[in-house]
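Taking it in order: structure first as structure tokens, then the write-up.
Every read-out reported here was derived from the displayed coordinates using simple, explicitly stated rules and does not represent laboratory data. Keep in mind it's a predicted model, so treat the numbers as computed, not measured. Every residue, glycine as well, gets a Cβ built from its backbone with ideal geometry; the counts of neighbours run over all protein chains shown.
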């Protein structure tokens, strides 16, 4: 499809359930205005440029003008839209860490260790379930000053206001940012969180959650760069209490 063409999609009959409470069972023309409002209010549908054009016989028809950000790296729409749908679930992953490629020596070790058997066959537990629960509880006890919480909230809210971001961080992003900051404090032998803990984790916790405006194929580095600029611009609070 070219950029001038229009893609048309069909909503599954299950959409009937969404409208039953408002206009009664059975998806038909009575649901047209309600569906239009729902699509208009949806961040994903606004990003996709979709609009409801007709409803009837248990189905709804949507029209969508194709734009550059709808195309995948191969220049086709198939996959460009479909692979965008699961992106909403990325918000459920606490962190996305970029490891990069191993050097030549590391690559050689990867190859040689798998010549006869996979290393996973020799893995043994490093923690018992009880120890995992104990460490989780210890993280929750780390002091988190209200000022640090406000700083984390300000960073996440800045992602929503950024002109290059169509969909910013959610409350779940703020929770992940503060919880992981507590874990970082423990790893560094502290029982209190510093703003630096929040700042150090910002890219890994926020970048993968952002939906960029008009350039979904820009790659993860573009989102990381935006978060880096936000962390530079949002004022860091000083004078944080070290314990409750």
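Note: relative contact order over region 127-244, using C-alpha pairs below 8 Å and six or more positions apart, is 33 percent. Label sites at residue 134 and residue 99, each approximated as a point 7 angstrom past Cα along Cα to Cβ, lie 2.8 nm apart.
Derived value for region 127-244: Kirkwood hydrodynamic radius 14.9 Å. Basis is the mean of 1/r over every pair of different alpha-carbon atoms.
Annotation: extensible slack from residue 37 through residue 233 equals 67.0 nm (criterion: 0.36 nm per residue apart, minus Cα-Cα distance).
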